[in-house]
Amino acid sequence: MDFSKEKSEFYNNLTKTIRRHIVKMTNHAGSGHPGGSLSATELLSVLFFEHMNVDSNNPDWQDRDCFFLSKGHCTPVFYSVLAEKGFFPVDELMTFRDVDGRLHGHPCGEHIPGVDISSGSLGQGLSVANGVGLIAKLDGSNRRSYCMIGDGELQEGQVWEAAMTSAQYNLDNVCAIIDWNKIQLDDFVENVKGVKNLGDKFRAFGWHVVEIDGHDINAVNEAYKEAKRTKGRPTAILAHTVKGKGVSFMEDTHDWHGMAPNDEQLETALKELA
Amino acid sequence: MANQEAPRKGFADALIRLGEKHDNLVVLDADCAKSNMTNLYKNRFPDRFFNIGISECDLVGTAAGMAVAGKVPFANAYANFLTGRAFDQMRISVCYSNNNVKIVGHNAGTSAAQEGATHLPLEDISLMRSLPRMTVIVPADAVEMEKAVEAAYYHEGPIYLRVGKLPVPIVTKKEEPFKIGKAIKYREGADITIISTGIMLDESLKAVAELEKQGVSAELLHIHTIKPIDKEAIIASAAKTKHVITVEEHSIIGGLGSAVAEVLSEHQPAKLRRIGTNDRFGVSGKMDELLDLFELRAHRIVSTANELLGHRVTS
Ligand SMILES: Cc1ncc(C[n+]2csc(CCOP(=O)(O)OP(=O)(O)O)c2C)c(N)n1
Ligand SMILES: [Mg+2]
């Protein structure tokens, strides 16, 4: 079922706010990763505001759902969602990458409320998600374990080692979200080391696959629901997205993978996101 | 102010020059060709460049295969992900098999800057030094980098070369000869020996000048090859000065400081202090802010020298 008019309006505003944070934070730092943050905005917003069973006042609560940002460079979107969800003050976002702050370039599991693991070395998140999934089963807990992976990141062998573990143990409490924006650091994924037929790949590994438009909040919401309903198998949400989504000059190019907007570019971006 | 240049630029220039002369030189990267400047090699020699994707283990294994097939591969990735993740591939497919692979660790030390702890390589030298047959080279600046790349190409056997991303002052001289395993004496002195590696040569030169003003005669050895280390040079200097300080943009565990400590304790016991990062992870910050935070600065070398020599520190 689609979101109500009010809910749609809420997400419209929220995702715009988050995109504004993303460009402002990277501008403030003079570095960082806007492209893969903008592509993941709807996916993370709907996950945290609709599905994740977490308590920002008690971030380490034992039975909480876990989220692992395996593509750890996308802290601008992750920190923004956490701040908007109340894990820490929104003002703190403007300390992004400061030497005396805690909002480091890549997530630090020890110091930032709502961050369940340190990441930034690509390929490690799904194994960690499986660890939580396995123990949830052992403990008879209903908690769920989510992991977001980049499409370029899928080139790391560990992702596929982990994908086999999830299927072997029937981890239906594990959900992998692939931000399929078609672009990595150097180039288009298909020009570097292609991940074509991604649905078939995951299905062959024993996964349930949902393929969606990752910027359609209703589709995103339904995908998370379907993952929850799916029993006996882990679910991979393959989300077709646009790298740099929402800022015209950042869209669909690897140039803005790891580059910050200067003041002028920031102004243009904020106008587009008004 | 000295001229500044990014070490990676010196690396890329030298690689292309060598590529022009030698068609057995092949270059691999792991989706960081833009950042590592190996895309310059790619543009010049598209057939002899391979982007293996975000797959560091695969990258090193593939490079080993290329060496088996008779080429001289330079395998590039960010230093941490390369040395940490692909350690076993280096151990088995490269070093144990004695394959002629050049491993290039980029974004070295504090030049990973605002990327933060995950990206700041502070343990790579330690890891690489532990591998049998691995030669470990840590140049001081872009000029020395060019010579190191050349020497690495002509050297038969595995090499780890550490390359920084951000501009640093040029402090070495073009005409200075570069020989793998040979320390370079930058200053003759009598009271204390300062041994630096990598970009710490710059701060060490400043420290030596400051010490001279304070009446301390410091000898300065620059060690670009951490393994095999120049034992003779270290022993000779320590025999003269009896006091040694090591300075590195890396953990004091397992890097230059450890290597020098091993030589001194076996051959020429001397008072030793190691300056580097102290068993900790990095944080995000501008390169200069990180060098300040870790106190990888001339003033620390100077105060450490005075402390070691038992001088009362005024100032
Ligand atoms: C193990 C590892 N290798 C290399 C990098 C450097 N790196 C950071 S992001 C990136 C590209 C990621 O592409 P993708 O997974 O598609 O992410 P997105 O498009 O969502 O930004 C690379 C190569 C890294 N962080 N970790
Ligand atoms: Mg991508």
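Criterion applied to B:L205, B:L211 was being buried (at least 23 other Cβ atoms within 10 Å of the Cβ) and in the same structural domain as B:T304 (by TED's automatic domain parsing), and the one residue passing it is B:L211. Scanning region A:93-128 for residues that are within 9 Å of chain B (Cβ to nearest Cβ) and farther than 25 Å from B:C57 by Cα yields A:F96, A:R97, A:D98, A:V99, A:D100, A:G101, A:R102, A:L103, A:H104. Within the set A:I212, A:I217, A:I178, the sole residue that is modelled with pLDDT of 95 or more, within 17 Å of the chain's Cα centre (by Cα) and open to solvent by less than 10 Å² (accessible area, probe 1.4 Å) turns out to be A:I178. Are any of the residues in region A:24-38 crowded, with 21+ Cβ neighbours inside 10 Å, part of a helix (DSSP H, G or I) and more than 14 Å from chain B (Cβ to nearest Cβ)? Among the residues of region A:24-38, at least one is crowded, with 21+ Cβ neighbours inside 10 Å, part of a helix (DSSP H, G or I) and more than 14 Å from chain B (Cβ to nearest Cβ), which makes the answer yes. At least 2 residues being within 14 Å of ligand 1 (Cβ to nearest atom) is the threshold, and among the helices (runs of 4 or more DSSP H) wholly inside region A:184-251 those reaching it are A:189-192.
The residue pairs whose first member lies in region A:69-92 and is more than 14 Å from chain B (Cβ to nearest Cβ), whose second member is within 16 Å of ligand 2 (Cβ to nearest atom) and assigned to a helix (DSSP H, G or I), and whose beta carbons are closer than 6 Å, counting only pairs six or more residues apart or on different chains, are A:V77/A:I22; A:V77/A:S37; A:V77/A:T41; A:V77/A:L44; A:V81/A:L44. So, of the residues in region A:66-87 that are more than 16 Å from ligand 1 (Cβ to nearest atom) and open to solvent by less than 10 Å² (accessible area, probe 1.4 Å), which turns out to be farthest from A:L134 (Cα to Cα)? If we take residues in region A:66-87 being more than 16 Å from ligand 1 (Cβ to nearest atom) and open to solvent by less than 10 Å² (accessible area, probe 1.4 Å), then A:A83 is farthest from A:L134 (Cα to Cα). Give region A:123-165 a look and list any residue that's among the charged types (D, E, K, R), open to solvent by 50 Å² or more (accessible area, probe 1.4 Å) and either within 25 Å of A:G194 (Cα to Cα) or within 16 Å of ligand 2 (Cβ to nearest atom) (or both), or say none. The one that is among the charged types (D, E, K, R), open to solvent by 50 Å² or more (accessible area, probe 1.4 Å) and either within 25 Å of A:G194 (Cα to Cα) or within 16 Å of ligand 2 (Cβ to nearest atom) (or both): A:E161. Among the criteria (1) within 14 Å of chain B (Cβ to nearest Cβ); (2) among the basic types (K, R); (3) open to solvent by 20 Å² or more (accessible area, probe 1.4 Å), the one A:K5 does not fulfil is (1).
Among the residues making up region B:98-122, those that are within 14 Å of chain A (Cβ to nearest Cβ) and part of a helix (DSSP H, G or I) are B:T110, B:S111, B:A112, B:A113, B:Q114, B:E115.
Annotation: of all residues in region B:52-97 being open to solvent by 40 Å² or more (accessible area, probe 1.4 Å) and of a type in the set (F, W, Y), the one that is nearest to the other protein chains (Cβ to nearest Cβ) is B:F87.
Give the residue, chosen from B:D58, B:D23, B:D47, that is of a type in the set (D, E) and in a loop (DSSP other than H, G, I, E, B). Step by step, each of B:D58, B:D23, B:D47 is checked, and only B:D23 is of a type in the set (D, E) and in a loop (DSSP other than H, G, I, E, B). Name every residue in region A:248-261 that is surrounded by fewer than 23 Cβ atoms within 10 Å (Cβ to Cβ) and of a type in the set (A, V, I, L, M, F, W, C), in order of residue number. The answer is A:F249, A:M259, A:A260. Considering region A:174-190, the residues that are charged (D, E, K, R) and near ligand 2 (Cβ under 9 Å from one of its atoms) include one that is nearest to A:L138 (Cα to Cα), namely A:D179.
The values are calculated or read from the model by the stated rules, or taken from the named source; none is laboratory data. All figures in this text were calculated on a predicted structure; none of them were measured in a lab. FYI the Cβ positions are ideal-geometry reconstructions off the backbone, even for glycines, and counts take in every protein chain you see. Accessible surface areas use protein heavy atoms only, side chains included; no ligands, DNA or RNA. Shrake-Rupley method; radii C 1.70, N 1.55, O 1.52, S 1.80 Å.
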